[in-house]
Each structure stands twice: as C-alpha cells, then as structure tokens.
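A short worksheet on the structure shown next.
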Amino acid sequence: MFRQATEADLPAILSIIRQAQAYLASQGVDQWQDGTPNAHMMRGDLRDGVSYVLEWDGEVIGMATVIFTGEPTYAVIEGGAWATPEPYGCIHRFALSAAHRGTGVSGKLMAGAEQIIRGRGVSSARIDTHRDNLVMQGMLKKNGYTPRGMIYLANGDPRVAFEKALT
C-alpha cells in the first residue's frame with residue numbers, strides 16, 4: 001500500500017535512507033554521501049505533507065517525496081529540453097529497503113508517486129539522479145521515463161533529468 005507518511009514512519013524512512021546511502025557508496029556513486037537526506041529534511045517533508053511510503057505486509061519498505069512547488073534546478077536543462085509543459089510533479093528522495101532491492105517493487109513505489117501526481121490533475125512527472133547511478137537510471141527507463149538532459153543542483157553537481165508524461 002502506498003500512502004502518505006506519518007511521524008511514526010520516520011525510523012523506517014531513516015533506515016531506508018541509510019541503506020540506500022551504503023548501497024550507493026558500495027557502487028562508487030557519491031550521491032547521498034554528504035549526509036543528505038537526513039532526519040531534519042525528512043521531518044520537513046512530513047510536516048509539509050509531501051513524504052510517502054510503500055508498505056508491504058505491515059512493513060515500510062520504500063519511500064519517496066512528491067512535490068508540486070516546482071524545482072528551481074529544473075529551470076535550466078543542458079543538452080536537451082523538457083517534453084511537457086508545466087505544471088509537473090517532482091519526485092525526490094526515492095529509495096527502497098535493501099531487502100527489496102532488485103525485486104521489481106520499485107515499480108510499485110513509482111506507480112504510487114505517479115498516482116499522487118495524477119490525483120492533483122498534473123500530467124507530467126520529473127525526477128533526477130546522479131549520472132553514475134545506473135541502477136536508478138535503468139529503473140526509470142523501465143518505468144517509462146525518458147532522459148531529457150542534465151540539470152545542476154544548487155551546489156553545481158550535475159544530475160541526469162528524466163521525465164514521463166502521465167496521460
């Protein structure tokens with residue numbers, strides 16, 4: 001079941017983030033290696049009502065943040081262009097527990113995020129990931145996302161931008 005996260009989910013969310021950080025480090029990907037996302041950020045997401053979890057047999061096994069306020073770093077895209085007009089839903093902080101990695105459950109987590117976006121009457125989803133995070137890029141492509149170019153985070157780090165029309 002995909003649902004809005006509650007404060008009670010915070011320990012599971014933080015555990016999933018730590019597992020994802022360890023996995024990325026083991027793959028030589030420096031994404032999420034700077035201490036973010038962290039408890040402070042996740043509490044903010046909970047407060048803002050933008051944090052969601054995937055629950056399986058009573059256990060939180062995945063998490064994602066879905067925002068509709070726009071992503072400033074998406075204003076400029078290098079080597080490509082967005083295919084759909086604004087508004088869009090933006091998916092951030094997407095991760096699964098280590099025990100469920102590689103099982104196909106990520107598609108259910110993505111489908112839940114897309115359902116939230118569609119439910120707001122928005123027909124486009126955007127997401128970005130580290131250029132070395134080939135596992136995430138493969139999952140995005142498998143779920144119908146198209147690479148659109150490079151965006152740059154506020155600190156200058158490049159990210160591959162993906163988009164999916166939800167029509």
Residues of the range 132-145 that turn out to be free of Cβ contacts under 8 Å to residues at least 40 places away in the same chain, surrounded by 15 or more Cβ atoms within 10 Å (Cβ to Cβ) and either in contact with a Cys (Cβ under 7 Å, 6 or more places away or on another chain) or not in a loop (DSSP other than H, G, I, E, B) (or both), as a count: 3
Looking only at the range 35-54, and only at residues there that are among the charged types (D, E, K, R) and over 17 Å from Phe94 (Cβ atoms), the one that is surrounded by the most Cβ atoms within 10 Å (Cβ to Cβ): Arg43
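Being assigned to a helix (DSSP H, G or I), over 21 Å from Trp32 (Cβ atoms) and among the basic types (Lys, Arg): is that true of Arg148 here? Please lay out each step first, then the result.
On the way: assigned to a helix (DSSP H, G or I): no; over 21 Å from Trp32 (Cβ atoms): yes; among the basic types (Lys, Arg): yes.
No.
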Count of residues meeting criterion [surrounded by 15 or more Cβ atoms within 10 Å (Cβ to Cβ) and over 20 Å from Gln4 (Cβ atoms)] in the range 116-131: 6
Of residues in the range 23-43 being in contact (Cβ under 8 Å) with a residue 60 or more places away in the chain and in a helix (DSSP H, G or I), the one farthest from Gln137 (Cα to Cα): Tyr23
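Within the bounds of the range 48-65, is there any residue that is part of a helix (DSSP H, G or I) and closer than 26 Å to Gly104 by Cβ? Outline the logic, then answer.
Applying the first criterion (part of a helix (DSSP H, G or I)) to the range 48-65 yields 48.
Filter once more, so that each one left must be closer than 26 Å to Gly104 by Cβ: none.
No: zero hits.
Scan the range 125-142 and tell me whether some residue there is among the hydrophobic types (A, V, I, L, M, F, W, C) and in contact with a helix residue (DSSP H, G or I) (Cβ under 6 Å, 6 or more places away or on another chain). Please lay out each step first, then the result.
Let us first name the residues in the range 125-142 that are among the hydrophobic types (A, V, I, L, M, F, W, C), namely 125, 127, 134-136, 139-140.
Filter once more, so that each one left must be in contact with a helix residue (DSSP H, G or I) (Cβ under 6 Å, 6 or more places away or on another chain): 125, 139.
Checking the range 125-142: at least one residue is among the hydrophobic types (A, V, I, L, M, F, W, C) and in contact with a helix residue (DSSP H, G or I) (Cβ under 6 Å, 6 or more places away or on another chain).
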Selection count, the range 104-119, where residues are touching a helix residue (DSSP H, G or I) at 6+ places or on another chain (Cβ under 9 Å) and within 14 Å of Ala165 (Cα to Cα): 1
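Values in this text are rule-based calculations from the coordinates and carry no lab data. Predicted model, so just to flag it, every value in this text is computed and none were measured. FYI the Cβ positions are ideal-geometry reconstructions off the backbone, even for glycines, and counts take in every protein chain you see.
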